[in-house]
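See below for the structure under consideration.
The values are calculated or read from the model by the stated rules, or taken from the named source; none is laboratory data. Just so it is clear, the model here is predicted, and its values are computed rather than measured. When we count neighbours, we look across all protein chains shown, and the Cβ atoms used for this are built from the backbone with ideal geometry, even at glycine.
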RNA sequence: GACCCCAUCGUCUAGAGGCCUAGGACUCCAGCCUUUCACGCUGGCAACACGGGUUCGAAUCCCGUUGGGGUCGCCA
């Protein structure tokens, strides 16, 4: 039987980082085995499921290029099938009606907690005669879980784990309004979709026991379970919205690349020897359940950025310019022109090694499109520069035989020697004048790209500015 | 509280009894390169949670302690 995996998010919010990793692992596992990767939207909670969340999740998956096979399945649409399975089970004596009220259940839990017992449903309607049913109360259907013995889950990550059946209570299969609960729906859908391997977050681990019992009661074979440890925030606490559990769209906006994101997520909890930068092809070839670690990992933005940098630099310039356009546009407040793009392309090779994200890259490229006001360090550099020597440099530049980086450098070097300064004494003020910063790509390259007119104009403006605003 | 899981540098991890005076990556520090900042290169700081066993030998196996985490919904 060929491998079938699935990613089954509930559309109650964006696709967060943990979900993205779960999807990645399922995708990789299916692709590795030449199987199918399915997508199922678990929208049985009508209160909280939203169209917007569905769209956000699909968007996130597409952005990460985790393509699923076939159409996405919406769980709610299969509600009748789920209910039918529950009723069939009840007909076999594997489930029963429970008339306990929510208040009653809450009281039961409070009491159990107070007495130090596990907060489980006590099965009070398990063996009661239907004739005792209170009138006017719509019952829920509960699973008649085995009480003796134990349930064993052979987990791909956690190994063989057994839990006494006495620890598991009779879960609700069908709500009072007749709609199926998650626990029932997953089992029925995974079975009907021929899912062979369930790879999901560790927070579902205890569910595996309940679901296994259900599979057995219905007479189906459970899939292979693998529960991957959760991702924690940088502070070790559970990853919550306050601790970086952002939607993947937030990472996209921070300038991360899908490939960088995937690579980082892959290494968070999975490893293949010392491999760090792993191509998609390699990931598919190498991915296996054995490589998944058993302990939770912390999310580290620095490492994400570092991994991302590899992919940023590997990207071809034309493609990179496309990706960069919206980031630059956002910074300069207008769309990039063809001329802007030309400048960007010319500078990209020197800009790339200075950035780890698209945001950093756009920031570094900004001076190409706008005359930036000098930052504090640059302003000081300009103010402190010897006006006479700066004037000599401007002259040297103006009189340069050509306008390429090499020629300009030769000219300024000669000038520096003539005025008895090191190159840096002239080059740094030049950099500050052209870029508004003390850090930039090679300054003569910058001058070359900016062109003669713009370079001289920026120099004039800077000299004027420095004269007006003396050292602070 | 009950049940379950986890535990190697600050972080991600390699390690499946001797190959480990514990390796790689990120971060940090130093040096080289250099017109700046980066990149790159070289080097450095830094870990087997603790206590018992088992064994000729334990980061690796067992038990306990401690510390983290997850689950206990008519949510998924």
Kindly indicate whether residue A:15 is surrounded by 19 or more Cβ atoms within 10 Å (Cβ to Cβ), at pLDDT below 95 and in contact with a helix residue (DSSP H, G or I) (Cβ under 7 Å, 6 or more places away or on another chain). yes
Return only the number of the condition from (1) more than 10 Å from RNA strand B (Cβ to nearest atom); (2) under 41 Å from the mean Cα position of the chain (by Cα) that residue A:447 does not satisfy. (1)
Among the residues of the stretch A:250-265, is there at least one that is assigned to a loop (DSSP other than H, G, I, E, B), in contact with a strand residue (DSSP E or B) (Cβ under 7 Å, 6 or more places away or on another chain) and over 16 Å from residue A:19 (Cα atoms)? no
Specify the residue that is nearest to residue A:83 (Cα to Cα); the eligible residues are those in the stretch A:128-145 that are under 48 Å from the mean Cα position of the chain (by Cα) and surrounded by 14 or more Cβ atoms within 10 Å (Cβ to Cβ). A:141
Selection from the stretch A:396-413 of residues in contact (Cβ under 8 Å) with a residue 12 or more places away in the chain and not in a loop (DSSP other than H, G, I, E, B) yields A:396, A:397, A:398, A:405, A:406, A:408, A:409, A:411, A:412
Selection from the stretch A:291-340 of residues that are within 9 Å of RNA strand B (Cβ to nearest atom) and either in contact with a helix residue (DSSP H, G or I) (Cβ under 6 Å, 6 or more places away or on another chain) or outside any helix (DSSP H, G or I) (or both): A:292, A:293, A:294, A:295, A:296, A:297, A:298, A:299, A:300, A:304, A:307, A:313
For residue A:71: the one exception among (1) farther than 17 Å from residue A:248 by Cβ; (2) out of contact with any helix residue (DSSP H, G or I) (no Cβ under 8 Å at 6 or more places or on another chain); (3) assigned to a helix (DSSP H, G or I): (3)
Tally, over the stretch A:350-364, of residues that are within 14 Å of RNA strand B (Cβ to nearest atom) and over 15 Å from residue A:431 (Cβ atoms): 8
Can you name the number of the only condition in (1) in a helix (DSSP H, G or I); (2) under 22 Å from residue A:416 (Cβ atoms); (3) within 16 Å of RNA strand B (Cβ to nearest atom) that residue A:374 fails? (1)
Please verify whether residue A:288 is within 8 Å of RNA strand B (Cβ to nearest atom) and under 27 Å from residue A:158 (Cα atoms), treating the condition exactly as stated. no
Inside the stretch A:172-184, the number of residues satisfying the requirement of being more than 7 Å from RNA strand B (Cβ to nearest atom) and surrounded by 17 or more Cβ atoms within 10 Å (Cβ to Cβ) is 4
Name the residue that is nearest to residue A:141 (Cα to Cα), counting only residues in the stretch A:110-127 that are exposed (fewer than 14 other Cβ atoms within 10 Å of the Cβ) and within 40 Å of the chain's Cα centre (by Cα). A:119
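Quick check: anything in the stretch A:151-163 more than 26 Å from residue A:227 (Cβ to Cβ), surrounded by fewer than 14 Cβ atoms within 10 Å (Cβ to Cβ) and within 11 Å of RNA strand B (Cβ to nearest atom)?
no
Restricting to the stretch A:417-434, what's the tally of residues that are touching a residue at least 12 places away in the same chain (Cβ under 8 Å), outside any loop (DSSP other than H, G, I, E, B) and more than 8 Å from RNA strand B (Cβ to nearest atom)?
So the answer is 7.
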